[in-house]
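The values are calculated or read from the model by the stated rules, or taken from the named source; none is laboratory data. Computed from a prediction, not measured in an experiment: that's the story for all the values here. With ideal geometry, Cβ positions are generated from the backbone for all residues, glycine too; neighbour counts draw on all protein chains shown. Ligands, DNA and RNA are excluded from the accessible area calculation, which covers all protein heavy atoms including side chains. Shrake-Rupley method; radii C 1.70, N 1.55, O 1.52, S 1.80 Å.
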Amino acid sequence: MGFWGNLWDGVCSAVSSVSSAISSACSAVWNGIKTVASGVASFVKETCTKIAEVCQSPLVQALMCAIAPLATAISGVLGKVITVVRALATALNILSPNENKPENKFENLAQAAEQCATKSKDFDSINAYIEHLREEIRSGNVKLDKELSETELLGYQAMGCAMVIKAVDEKRGQKSSNEFWQAVGYAEIKPEEAKAMLDTAKETGVSDRDMAVYICGTGEKLESTPAEVESAVKASLEKTEPEKSELDKRFDAIISLVEEKLAKQNDEKKEKSDEK
């Protein structure tokens, strides 16, 4: 059983009766990464249930259900992922720099998709669709006056963030993996590092998934050799840390952070086992 362990069993159970799209998402979610936080399992389960409810709304299009696996995947590390995605989306002019504007908030984009009758298939691109949703928010056509519970907020944020990730992919002309975004959150990858890794994936052919697997030490099979993947990770970091000494420090810091989290997980798991 991977690091997600019983967490995703619970998620699947919670949403299987709500949305087949989410059920499929749960079975496909990478078992290699888990957020180390007290009570995360039940909280993430509730958040993913909210994602399923959003997908079941009559006005939500195929796009939203299609991104449900990604939204589900990042829900446990959402805060870190949002920071990176917002930075990339702003640099690509998908969002404007002011994150406090209603049309730039991920939770509002998801609510707009839930409420607006216009379907994503009516647009030539996901970026055009997102701009339409942003305009609907600016025009006051989306009701945002409801006070959201913490679970509702996180559920909408996960869906909105996943939608913006797809828009980033579209602008960049590549398809990033769910595993990559989980690793971004788990290993606390910086925005400029995430961009560099995506650039390196395009340049070298070493997949962003392989880099995620390598960084998080899940032991899953790589498409490229370990040496090639390590080289790709270091080449990515070199773009942001050109000095070799700083590059090595950052590389070691990322790997050490993951190892510390894994050690903490194992200690917590052992403590729980001893209590039984």
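Just a few scattered comments:
- Accessible surface, 1.4 Å probe, highest first, among residues Phe180, Phe123: Phe123, Phe180
- Measuring r between the beta carbons of Lys249 and Ala117 and using R0 = 51 Å, the FRET efficiency lands at 0.45.
- Of the GluC sites (Glu not before Pro) found in region 111-194, the ones in coil according to DSSP and having at most 15 other Cβ atoms within 10 Å of their Cβ are Glu147.
- Counted residue by residue at 0.36 nm each, then reduced by the alpha carbon distance between them, the extension gain from Glu99 to Glu203 reaches 34.3 nm.
- Extension gain, Thr90 to Glu260, is 58.0 nm, computed as 0.36 nm per intervening residue step minus the present C-alpha separation.
- Beyond 21 Å in Cα-Cα separation lie the following of the pairs Lys195/Lys244; Lys190/Lys269; Lys105/Lys261; Lys202/Lys249: Lys190/Lys269; Lys105/Lys261; Lys202/Lys249.
- Computed about its Cα centre, the charge dipole of region 69-208 is approximately 160 debye, with only Lys, Arg, Asp and Glu carrying charge at their Cβ.
- If R0 is taken as 45 Å, the Cβ-Cβ distance between Lys143 and Lys239 corresponds to a FRET efficiency of 0.55.
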